[in-house]
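The values are calculated or read from the model by the stated rules, or taken from the named source; none is laboratory data. Predicted model only: the values in this text are computed from it and were never measured. Cβ placement follows ideal geometry from the backbone for every residue including glycine, while neighbour counts extend to all protein chains displayed. Protein only, heavy atoms only, side chains kept; ligands, DNA and RNA dropped before computing areas. Shrake-Rupley method; radii C 1.70, N 1.55, O 1.52, S 1.80 Å.
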Amino acid sequence: MEVIIRETQQDAVDLTALLLRDLLSSKPHAVLGLATGRTMEGVYRRLVEMHLGAGLDFSLCRTFNLDEYIGLPRGDVGSYRHYMYVHLFQHVNIDLRNTHLPRGESDDLEGECVRYEAAIAECGGIDLQLLGIGRTGHIGFNEPLSAMYSRTRAKALSPETLRQNAGLFDPPSRMPRRALTMGVGTILEARRCLLLATGEEKAGIIAQAVEGPVTSMISATALQLHPRCTVIVDAPAAAHLQNQDYYRWVFENEPEWDGYQ
Ligand code: GLP
């Protein structure tokens with residue numbers, strides 16, 4: 001794992017978008033693992049700007065989202081399919097047939113999870129998985145006690161997650177209590193993981209995720225086991241990290257990051 005600390009939220013968002021751009025430019029057929037949440041809105045805004053301004057091409061890429069609520073009608077404004085359409089898909093030249101989210105409206109949820117895993121495998125696996133982090137330390141909707149080897153499945157959302165996301169529903173009581181999510185094991189199979197967290201409210205959980213012991217109580221700690229995981233944080237989200245100087249030193253000295261300083 002490596003940790004990159006950028007001063008501002010915008011700097012952290014911009015670096016994340018640049019890494020996605022560079023992957024798409026070097027590998028137009030890339031398979032992207034996408035995430036939702038407020039943190040990602042800025043990343044998608046930058047990608048849209050790169051498409052409109054510099055012609056960043058999405059026409060050949062394939063995308064798989066981490067998760068989707070269970071039980072919302074397809075296209076519901078609270079669904080992650082709708083989020084992706086509003087924030088990214090409708091603005092770029094992506095082929096919607098190449099965009100995948102678990103179908104939370106399916107009446108065969110187990111079958112849907114098997115189908116989703118098979119679809120990822122058929123595309124050759126995920127090149128880069130974008131991740132946010134919830135207050136419980138979840139990645140996707142892998143709530144506390146999610147097994148490290150878990151696969152795509154239905155999960156009950158924790159009370160903390162309900163509190164975190166209910167405000168995005170009108171009325172908040174419309175928020176589903178369950179979701180389909182890639183498992184921790186599914187996420188760990190991505191060739192690269194990129195976790196973005198910004199803001200002081202993420203500082204505590206980021207310190208646990210990066211520097212704490214690996215535990216299924218905090219699924220983001222599983223990323224410590226991944227051979228190629230980059231965590232990008234702004235200064236407020238980095239505030240509780242013990243080894244900030246070391247992370248900054250690595251970023252300044254690794255040739256890989258030369259063009260990104
Ligand atoms: C939801 C998603 C997570 C995401 C989290 C962060 O819970 N299922 O994948 O990481 O939101 O949300 P925010 O960026 O709004 O803090």
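Brief remarks follow.
- Solvent exposure of segment 2-257 amounts to 43 Å² per residue of accessible area, where only protein heavy atoms count and the probe is 1.4 Å.
- Protein heavy-atom surface of the chain, 1.4 angstrom probe: 52% of the accessible area is carbon and sulfur, with nucleic acids and ligands not counted.
- For the chain, the Cys residues with no second cysteine's beta carbon closer than 4.7 Å are 61, 113, 123.
- From phi via Karplus (6.51, -1.76, 1.60), per-residue ³J(HN,Hα) for segment 175-186 in Hz, x at Gly/Pro: 4, x, 8, 9, 8, 8, 9, 3, x, 4, x, 4
- Under Karplus coefficients 6.51, -1.76 and 1.60, residue-wise ³J(HN,Hα) of segment 61-67 in Hz, glycine/proline x: 6, 10, 10, 10, 7, 5, 7
- For residue 141, the residues whose amide H sits under 5 Å from its own are 182, ignoring neighbours fewer than 5 places away on the same chain, with H placed 1.01 Å from N.
- Built amide H within the under 5 Å cut-off of residue 65, gap 5+: 34, 100, 101
- Pairs of Cα atoms nearer than 8 Å and 6+ residues apart set the relative contact order; for segment 1-115 it is 25 percent.
- Helical contribution to [θ] at 222 nm, DSSP H n ≥ 4, -39,500 (n - 2.57), averaged over the chain, rounded to 500: -10500 deg cm²/dmol
- Taking a ≥ b ≥ c as the square roots of the Cα gyration tensor eigenvalues, segment 67-196 comes out rounded, since a/c falls below 1.5.
- Taking a ≥ b ≥ c as the square roots of the eigenvalues of the alpha carbon gyration tensor, segment 1-95 is oblate, as a/c is not under 1.5 and a/b does not beat b/c.
- Look at the alpha carbon pairs under 8 Å that are at least 6 residues apart: their mean separation over the length of segment 2-257 gives a relative contact order of 24 percent.
- Fully extending the segment from residue 258 to residue 147 would add 36.3 nm, taking 0.36 nm per residue of separation and subtracting the current Cα-Cα distance.
- Relative intensity of segment 2-257 on a log10 scale, I(q)/I(0) at q = 0.10, 0.14 Å⁻¹, equals -0.45, -0.93, per a Debye sum over C-alpha point scatterers of equal strength in the absence of solvent.
- 5 angstrom amide H check on residue 232, placed H, neighbours 5+ away: 4, 195, 196, 197
- Calculated from backbone phi, Karplus (6.51, -1.76, 1.60) coupling profile of segment 26-40 in Hz, x at Gly/Pro: 7, 9, x, 8, 3, 9, 9, x, 10, 10, 10, x, 5, 4, 7
- Annotation: residue 240 carries an accessible surface of approximately 110 Å², with a 1.4 Å probe and no ligand, DNA or RNA atoms counted.
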